[in-house]
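Let me begin by presenting the structure, written as structure tokens, before commenting on it.
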Amino acid sequence: MSFSLFLIYLALAYVYPGEVFPELAPYRITLSIGILGLVASLVTLGIKGRLFLWVTPLVLVGGLTISMMLSNMWADRWLGAPAFVLESFGPTLTLFILAIWNITSLRRLRITAFVLVLLAVVLVGQGVAAYHFGYHEDQLLYKYQDDDDENGATEVRVRGLGLLHDPNDLALALVITLPFLGLAWERRRTAKNILLVVLPAAILIYGVYLTRSRGGLLGVLAVALAAMIGRMGRTRAIVLTGLLAVMLIGLNFTGGRGMTNDDSAQGRVDAWSEGLQMFRESPLLGVGLHNFSEHNHLTAHNSFVLCFAELGITGYFFWMALLVGAFRQLRAVRKSADSDLNPDLRDYARACEIAFIGFLASAFFLSRSYNPLLFLLFALAFAVNRMAARAGCSLTPTSFSVLSKRTFALEVASIVIMYVLIRANRLLL
């Protein structure tokens, strides 16, 4: 029952019922399903004696949540910050916990991947209906006036509902789904591959095109590069990805918006600089969750900058530790000498890894530090590792000490890199 509730919660997060049927909004169905799922999961795990299987990821997410509370309490001098954090970060936290507690077998992992693909195809379908036929266009289309267009043309971008109401979030959802399509690929099964892999992939890429998301374009290219490197080598993969980039830009994939030299792109670099200044002023706890825009007219447009600016070195540590831990868990499964015991798990680990790469490539230019989709990927990574261990793979566990050292090193390195990028940009102007 708890796994079914997790799937329902996932679906409702993608297609928020209060937006489809406004009369249902007061009942907060998604919240109710989430709470019911958490209670059911606790009961199930308690009966099976597995409440303490997920200590490391739960400690890291718990530390991140507490850091958010402390950052707002300090920055805003506000004792009501814990309630605010639970309300704003609660949906992400719920999705993470439900996923990590309920994706406990390869069968459940397959079902989750299938549901993600199905939801993505449905989202593209409703986006196409809105874009071409006016279906619920007031909800599913984002229209804005392009100030740089001399003709004053109105730009149209497709978006979703619920957590995907921003075109960039819809693009992210489609990008992270692409790698899971590859799991259905089979050699010498041309018809099946076209039906289950090529056609759905084309649908999802067209969906990203309709969002006109520059981050989405980068995500598609990152997924393509990571997937091809594993199949044909680094050089050929880079060349083919470059050709793909030229083709997609030639097809006006971003709706005419520049990638590097327009005012929007320069504004993002300025926002990164402001984020570093916020970090200097409050390095330990940051300026507070969701307070970046209180100090700058633009959001950070970079998930790393947003996190260390808002949560300081403390919250950034837990966020980065989740990233480091997830990649180490997935790499351990892929590189295990016993991975042939269950090659499907190795393939799922690779798919999750590529999904992470696609998300992070997009999120480098978007403020998506606390996005539920990122935390869903965190949960999938830890779940895959746990399944591999139970299947008999000899995996070397990562001690918290080693994880902390690597995380701190990457924390410092990422902040230094952002500083260098900003300084280099100013020198080139």
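Some points to look at:
- Cα shape, segment 86-198, gyration tensor, a/c 1.5 rule: oblate
- Over the residues of the chain, the helix contribution to mean residue ellipticity at 222 nm works out to -24000 deg cm²/dmol, using -39500 (n - 2.57) for each DSSP H run of at least 4.
- Per residue, the convex hull volume that the Cα atoms of segment 35-93 enclose (Å³): 83 Å³
- Linear extension gain, ARG331 paired with LEU240, 0.36 nm per residue minus alpha-carbon span: 30.3 nm
- In this rough spin-label picture, where each label sits 7 Å from Cα along the Cβ direction, the MET1-LEU86 distance is 2.4 nm.
- Value of Rg/Rh across segment 314-429 [Cα atoms, Kirkwood radius]: 1.05
- By accessible area, using a 1.4 Å probe on protein heavy atoms only, the chain has 63% of its surface on carbon and sulfur.
- The three principal axes of the Cα atoms in segment 1-120 give end-to-end lengths of 47, 41, 25 Å, sorted in falling order.
- Full extension of the chain segment joining MET232 with VAL20 gains 71.9 nm, where the gain is 0.36 nm per residue of separation less the Cα-Cα distance.
- Within the chain, longest stretch free of exposed trypsin sites (Lys or Arg not before Pro) [DSSP loop, at most 10 other beta carbons within 10 Å]: 189-429
- In this Cβ point-charge picture (+1 for Lys and Arg, -1 for Asp and Glu), the chain has a dipole of about 2240 debye about its Cα centre.
- Label-point gap, in nm, between ARG110 and VAL43 - each point 7 angstrom along Cα→Cβ: 2.9 nm
- Gaussian network model of the chain, springs between alpha carbon atoms under 10 Å - residue of MET232, MET320, MET73 with greatest fluctuation: MET232
- Inter-label distance, GLU155 to TRP78: 3.1 nm, where each label sits 7 Å from its Cα along the C-beta direction.
- Between ALA424 and GLN139, full extension at 0.36 nm per residue minus the direct alpha carbon distance yields a gain of 98.5 nm.
- For the chain, accessible area per residue (1.4 Å probe, heavy atoms of protein chains only), Å²: 47 Å²
- The chain: radius of gyration over Cα atoms, expressed as a fraction of 2.2 N^0.38 Å: 0.97
- Placing a label point 7 Å from the Cα of ARG280 along the Cα-to-Cβ direction, the residues of segment 387-423 whose backbone N falls under 16 Å from that point are 415-423.
The values are calculated or read from the model by the stated rules, or taken from the named source; none is laboratory data. In this text the structure is predicted, and so the values were computed from the model without any measurement. Quick reminder, even Gly has a Cβ in these numbers, built from the backbone with ideal geometry, and neighbours come from all protein chains shown. Protein only, heavy atoms only, side chains kept; ligands, DNA and RNA dropped before computing areas. Shrake-Rupley method; radii C 1.70, N 1.55, O 1.52, S 1.80 Å.
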